[in-house]
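Here the structure comes first, spelled out in structure tokens, and everything after it is commentary.
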Amino acid sequence: MSRDGFLDLLRRLDGSRTIEDLERETGLDGEVVREVVEPAVERGLIDEGAAPAFSPGTAALARLEGLLNHLLEDLVLTGPFWRRILERPQRLHPNVFFGFGLENWFLLSRESGLGSAVRALAEDADLREALADFDRRGRRHDDVAVRAFRSLGATRGDL
């Protein structure tokens with residue numbers, strides 16, 4: 001499915017359409033539509049063919065977090081990279097851990113801005129405040145990674 005096709009499908013997930021409606025309106029194959037819609041319905045993220053019940057923003061975020069944790073366990077942690085890290089870390093080359101540390105530093109150094117796009121569009125004041133609080137608490141988490149790399153002689157500038 002193309003990016004535009006996927007975005008078109010997501011825009012139509014307003015609770016008023018069935019899978020058949022979505023297939024007809026988007027021109028996508030029914031199996032493709034089901035591959036996107038059914039897991040979201042199973043996880044309570046959308047209600048197929050019905051007006052969605054009100055859900056506070058924090059409850060929707062909690063369901064989404066649960067889905068992401070489930071996908072992490074099913075798709076990522078079962079892969080060969082993570083299996084080796086979790087089962088036999090002593091057999092891995094040290095550069096694997098250095099690279100992993102760099103990747104984490106990169107994400108942590110940008111963590112405080114991750115919620116800004118959602119916060120700007122969120123209509124729920126409690127959700128906006130929760131995201132702002134997350135950003136405040138997340139500031140400088142990257143310092144932990146910088147301190148770890150300092151023992152290897154790397155500075156923040158090097159990273």
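The values are calculated or read from the model by the stated rules, or taken from the named source; none is laboratory data. Just so it is clear, the model here is predicted, and its values are computed rather than measured. No Cβ is skipped: glycine too gets one built from the backbone with ideal geometry, and neighbour counts run over all protein chains shown.
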Subject >> Considering residues of the range 1-59 that are of a type in the set (S, T, N, Q) and closer than 27 Å to Leu131 by Cα only, the residue modelled with the lowest pLDDT >> reply: Ser55
Subject >> Among residues of the range 78-125, those that are among the charged types (D, E, K, R), over 22 Å from Ser151 (Cβ atoms) and at pLDDT 85 or above, counted >> reply: 5
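Restricting attention to the range 13-33, report how many residues are surrounded by 15 or more Cβ atoms within 10 Å (Cβ to Cβ) and assigned to a helix (DSSP H, G or I).
Step one: filter the range 13-33 for residues surrounded by 15 or more Cβ atoms within 10 Å (Cβ to Cβ), giving 13, 17, 19, 22-23, 26, 28, 32-33.
Still in the list and also assigned to a helix (DSSP H, G or I): 19, 22-23, 26, 32-33.
Matching residues across the range 13-33 total 6.
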Original post:
Of (1) assigned to a helix (DSSP H, G or I); (2) under 21 Å from the mean Cα position of the chain (by Cα); (3) surrounded by 12 or more Cβ atoms within 10 Å (Cβ to Cβ), Gly44 satisfies all except one. Which?
Top reply: (1)
